[in-house]
Structure formats: C-alpha cells, structure tokens
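Everything below concerns the one structure shown next.
The values are calculated or read from the model by the stated rules, or taken from the named source; none is laboratory data. From a predicted model like this one, the values you see are computed outputs, not experimental measurements. Here Cβ is always computed from backbone atoms with ideal geometry, including for glycine, and neighbour counts include all displayed protein chains.
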Amino acid sequence: MNTPTVEKPESKLTALRELPANVWHSIFRNPLPSTDHERASTSFTNFFLHIHPVKVHRNTLRPLYTMGLGLMTTFLFLILVVTGILLMFYYVPSTTQAYDRMLDMRGTVAFGIFLRNMHRWSAHGMVGVAFLHLCRVFFTGAYKKPREFNWVIGVILLLVTLFMSFTGYLLPWDQLAFWAITVGTSIAGYAPLIGKQMQFVLLGDTSVGQEALLRFYVLHVAVLPAVMVLLMAIHFWRIRKDGGLSRPEQTALPEPVPAAGVVKIRKVYGLQGFVRGPFTKVGNTPDDTVYSWPNLLMAELFVFVLTVSIILVISLFFAAPLEQPVNIMHPPNPAKAPWYFLGLQEMVSYSAFWGGIGVPGLMVALLFLVPYMDRGTKGVGRWFAKERLLANTIFLAMVILNVIFIIIGTFFRGPNWTFVTPF
Amino acid sequence: MAGVVRSHDRRPASADDKVGRRRLLAWLSSVGLAGSALLAAVSDVIFFKPRVTYGQPAIFQIGKPDDFPPGTRIAREAERICIVREGNRVAAISTTCTHLGCSVGISDTGFACPCHGSRYDQDGNVTGGPAPKPLPWFKVTLAPNGEIEVDKNSTVDPGSYLNV
C-alpha cells in the first residue's frame, strides 16, 4: 500500500500482466456471486439481467403456477427471430421466385430444411403457447387490479402473433398459402364500411398477387416484429411495475411489524422503495422472497432449454408442409386456413359476416374488457379459485367452443366443406 | 391567491396576464401537434393505397365471337370469368365466389365453389351455401378490331347479353 515508489519501475510490466484481468473486470463488474449483496448486484448491474428484480416471490417460481408459458412464448419468439433472419438470406418475395426458393431451401441450402422446420413449428407453437398463457392468466385471476392494462397488452400481443403467423403463411407461395390468404383477406372484406378498402390496401391489388406477397413480406419481417418487440418490452416492464407476478392474497402483502410500544425505526428506502404499488417492500418487513440469481435464472434457463429441445426434436422428425406451386385456376378442395383459423373458417361457412367479423370481433372485445368488467378482488393467484367459479366457467365454455369449432374445421370437413368423418 | 409565490415558482407574482398567454400558446401547440399527427395518419393511408396495380387488368379482350360457339359455357380461369354464348348472344359472368373469393368451377347445375360449398345456378344466382350475393355479370362490348372486350370494372344486370 505505502510503497508505490518502489514498484514504479515495474508498473508498465504490471499493467501488461494484469491486462486480461483488467479487461475482464471492466466488462463484468461482479465475480460469480457468493453473498447476498453480490447476488443482488449481479441482477441489477448486468445489462441482460437487470430486467429481473433483485428478489422474487417464491410463488413466482412455482412451476405449476405459471407453467412457464409466458417465458416459453418469449423463447419461441426468440427462435423465430433467429431462424427467420437466417431464412431471409435465401428468400426472395417474388411470385416467380418464392416457390423455387422454398425448393432450394429443401435441396441446396445448408440446414435449410431444418431452419424452415424450426421456423414453422415455432410459429405454430407460439400461437398455441401464447393462447395457453392467456388461459393461465385468466384461470388464476391474474388480470385483476393492478394488472388490467397488462392483460390488454397481452391480448394485443396475441392478435399481433396471429397476424404475424397469417402474413408468414403466404410467403412459401404454394397452393396452401395462396388460397388460405385469399380466403382470409376476403373475410376482412366483410368488415362494415371500410372492409373492401381495407382488403384492397392489405393486398395492394384486387386479388392476391405480387403486391400482396411484397406487402405481407414487409409486414412479416419488419413492421410486425418491431411492434411485437415494443409491446413485449412494455408487457415485461409492467410485470415489474405492477408488483411482480400475481400471487394469492395472503402472501400479497408482507406481515406488518408490530409497531405498538416500539420506537419507530427510520425507514431505509432501497431502490425498490421508490417503486409505487401495493406489493412494494419498504424497510425490513418479513417476506417470502428469494434472490433472482440463481433461483429465477435457473428456472428461466430450464424453460429455455426445454423449449429449444422440443422445437429441435420436432424439427428433426417432422417436415414443414409445402404443397404444389400456386395455381390460381384450381383452388384445392377444400381450401383450408392454418389450424388456429379453422374455427373461424368453420364459423365463416355458416355466415361470412357473423363468422368472420361479428362473433370474433365480439370475443376480442370481451377479452379486452374482461379486467374492467370483472372487478372482484377475490381468488387472485390460485388456479380455478372457488370465488371465481362463474368467470372461469364462462371463459372455459368459450375456450371449449372455439376448440370444438377448430376440431370440426380440421378433421370433419371434406371437399366442398361437406361434413366428413376423419376415420 | 394572486399574491402567493411558491419558492420554486420563478414567475413574478404580477404575471397573471402571462399565464393566459402561456396557456393559449400551449393550447395552440397541442392543436398543432395533434393536427400534424392526424395528417400523418391520413397520409399513411393515402400512401398505402396503391394508385397503380400490376396484376390482371380490369379491361381486356378475350377473342373473336367465333371462338365461343353457340351453346357453350367456357371458363377463362386466368381472368376469372365464364363466357356464356347462347345463339348470337354473349355474356361474361364472374367466377370469383362472392363468399370469400375462391374460384368457382362450372358444375352441371351452374357453378360450385370448392372452398365453402357455395352453389350457383346457370345465371349465377345463389342456390346453396354461404354465398351472400349472386355472381356479378360484367359489361361486354365488341371492340373495333372485332374482339370481345370485357370490363370487370362495370357490372350489368344479370341476363344482359351482347348481340354478336
């Protein structure tokens, strides 16, 4: 300490010797944490980790509470971004080239078929898992105050996911793509007043062609992902600001410290103390939280590895479908939309307006309004709470109805949309 | 009230007239900003609505009347029309399903859509399925070069034929 003058001749050499360590410490502020203080600072001094709170409630980590569905949706989106960017290097959004490029993806591009499989199955997976996440949030009453608006953002995210999937569906430019988009955009044409205009602007022409392919491509690879990332950021940010994930009432607030007869302790506000909300812990009150590092991170890592593994295995064994090239003279019979729109298509076969615009519009409007209509505060944070029997029953009925329509549309409809049995 | 000056308020106490001007300016700026945003939104819509389309033209010639012998119903699938010739009369009926835009095929009784099972009679009237409207008839004229010209931009009453 007090002999700097003696070491001065060696200082340049010392700097050289310590260079690797200095570089390392300039990038990573903390060693692998071994104390609570280090665990805390690992979470909030690392760019990638500071999205996490320093501590999380134990309930948040219960696998059977969240089932990791929101995380899984996020990781599927991550896989879609990575595989999608790679596919962009070989794809051309042109009616004369797109289909050939799909064939090349199968034949000549290294890992092309595998990347396309991953992209396709992750897209299907994301729609499915995002919907399950919505169901989880509903059945645990997690949309209630103060999380109403995050539910609204979640519903918008689901709609953006569906639109992403819909725009991606056209890009292979095969028969499936062409006719599914022809049918899908015609449904948009049934919207009152602006329907036909909307369809024309969406397609850039009166029917599906080069303009539509280009427009859907730009929406799919640039516009919608940007919207999605922005909304995801708000969705995650609000989880923190709304007091973390929902949890049962009895654990929502920390036990108050008995104050009678005790000298009032001057409160010490940590960084978290400035966050408003009903669940903020201020001062040293007992709670039921654990440090995010390593508890939350390990849980996230587990979900990540699980998601990637499932997609990898599915992509190894199942090839993404590619039908005949577009032939505008011969629609396949029946022409079916992707499975998550088959419930819609089934309803559309009864009435184009009510099946395609009226009923779905009403259902989406109901989804948006749910947290503002259901104002009870009981039964939050538990699956199928008795207090929420009515709400859960109505929601479950709607889910089952939709699933039934999807099953009918998928398995029980044959040529000319006549009723057939799948066996 | 007017005489109260809070410690962080740097305005002189006698500047009540300035408050009025400030509020007016703030209001004008807000209106300007909101108006600009509205204009931007409108110009977006104008931008995205194409002024030129590159697909199938709406007015086109399909051949001489002799190419369509009397009594035939010939579907021209690329143009999505069906040319009906009865005696000396010619008409063009749309083959785009009025339900959801699939191509309808010619069937024994008229037209049938493979997508959702809509059925039409020989004149394009709906006989079954979810189709909400009959198939439109397009305006047909004889061009100076002797070819039949179809104009998909203008529809005519069903049953209106062109004598050739």
- Message: I'd like the full set of residues that are part of a loop (DSSP other than H, G, I, E, B) and either within 24 Å of A:Phe131 (Cβ to Cβ) or of a type in the set (Phe, Trp, Tyr) (or both), limited to segment A:32-50.
- Response: A:Phe47, A:Phe48
- Could you tell me whether A:Ala212 is within 27 Å of the chain's Cα centre (by Cα) and under 21 Å from B:Asn153 (Cα atoms)? yes
- Query: Of these, B:Gly32, B:Gly55, B:Gly117, which one is within 30 Å of B:Glu147 (Cβ to Cβ) and small (Gly, Ala, Ser)?
  - Reply: B:Gly55
- Condition test on A:Gly277, is it at pLDDT below 85, over 25 Å from A:Thr73 (Cα atoms) and not in a loop (DSSP other than H, G, I, E, B)? no
- Message: Among the residues that make up segment B:21-29, is at least one of them surrounded by 11 or more Cβ atoms within 10 Å (Cβ to Cβ) and out of contact with any Cys (no Cβ under 6 Å at 6 or more places or on another chain)?
- Response: yes
- Message: I need the helices (runs of 4 or more DSSP H) fully contained in segment A:289-381, keeping only those with at least 3 residues that are aliphatic (A, V, I, L, M) and modelled with pLDDT of 90 or more.
- Response: A:292-317, A:359-373
- Note on the structure: Of the listed residues (A:Ala365, A:Ala335, A:Ala385), the one being of a type in the set (A, V, I, L, M) and under 25 Å from B:Cys102 (Cβ atoms) is A:Ala335
- Looking only at segment B:90-107, which residues are in a loop (DSSP other than H, G, I, E, B) and either on the phi > 0 side of the Ramachandran plot or more than 13 Å from every other protein chain (Cβ to nearest Cβ) (or both)? B:Gly101
- Message: Given the criterion over 20 Å from the mean Cα position of the chain (by Cα) and of a type outside the set (S, T, N, Q), identify the matching residue among A:Arg120, A:Arg106.
- Response: A:Arg106
- Item | Residue list for segment B:108-164, filter: in a strand (DSSP E or B) and either of a type in the set (S, T, N, Q) or surrounded by fewer than 15 Cβ atoms within 10 Å (Cβ to Cβ) (or both) | B:Thr127, B:Gly128, B:Thr141, B:Asn153, B:Ser154, B:Thr155, B:Asn163
- Query: Which number in (1) touching a residue at least 60 places away in the same chain (Cβ under 8 Å); (2) out of contact with any Asp or Glu (no Cβ under 6 Å at 6 or more places or on another chain); (3) closer than 28 Å to A:Leu296 by Cα marks the one condition that A:Pro31 misses?
  - Reply: (1)
- Message: Pairs please, first residue from segment A:397-417 and over 15 Å from B:Pro114 (Cα atoms), second anywhere and among the small types (Gly, Ala, Ser) and surrounded by 16 or more Cβ atoms within 10 Å (Cβ to Cβ), Cβ atoms under 7 Å, 6+ apart in sequence or on different chains.
- Response: A:Asn402/A:Gly343; A:Phe405/A:Gly343; A:Ile406/A:Gly343
- Does A:Ala233 satisfy the criteria of being touching a helix residue (DSSP H, G or I) at 6+ places or on another chain (Cβ under 6 Å) and not aromatic (Phe, Trp, Tyr)? no
- Query: Can you name the residue in segment A:167-194 that is within 12 Å of chain B (Cβ to nearest Cβ) and free of Cβ contacts under 8 Å to residues at least 12 places away in the same chain and, of all such residues, is surrounded by the fewest Cβ atoms within 10 Å (Cβ to Cβ)?
  - Reply: A:Ile194
- Of all residues making up segment B:118-161, the number that are in contact with a Pro (Cβ under 9 Å, 6 or more places away or on another chain) and of a type in the set (A, V, I, L, M): 5
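Any residue that is among the polar types (S, T, N, Q), touching a helix residue (DSSP H, G or I) at 6+ places or on another chain (Cβ under 6 Å) and either assigned to a loop (DSSP other than H, G, I, E, B) or closer than 24 Å to A:Met398 by Cα (or both) - is there at least one of those in segment A:140-160?
Yes: one or more hits.
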- Query: Picking from B:Glu147, B:Glu77, which residue would you name as being acidic (Asp, Glu) and under 26 Å from the mean Cα position of the chain (by Cα)?
  - Reply: B:Glu77
- Failed condition for B:Thr96, given (1) in contact with a Lys or Arg (Cβ under 6 Å, 6 or more places away or on another chain); (2) surrounded by fewer than 18 Cβ atoms within 10 Å (Cβ to Cβ): (2)
- Message: Quick check on my filter: what residues within segment A:385-416 are in a helix (DSSP H, G or I), of a type in the set (Gly, Ala, Ser) and in contact with a Gly (Cβ under 9 Å, 6 or more places away or on another chain)?
- Response: A:Ala391, A:Gly409
- Task: Filter segment A:202-223 down to residues that are modelled with pLDDT under 95, assigned to a helix (DSSP H, G or I), in contact with a Phe, Trp or Tyr (Cβ under 7 Å, 6 or more places away or on another chain) and more than 8 Å from chain B (Cβ to nearest Cβ), then give me how many there are.
- Result: 0
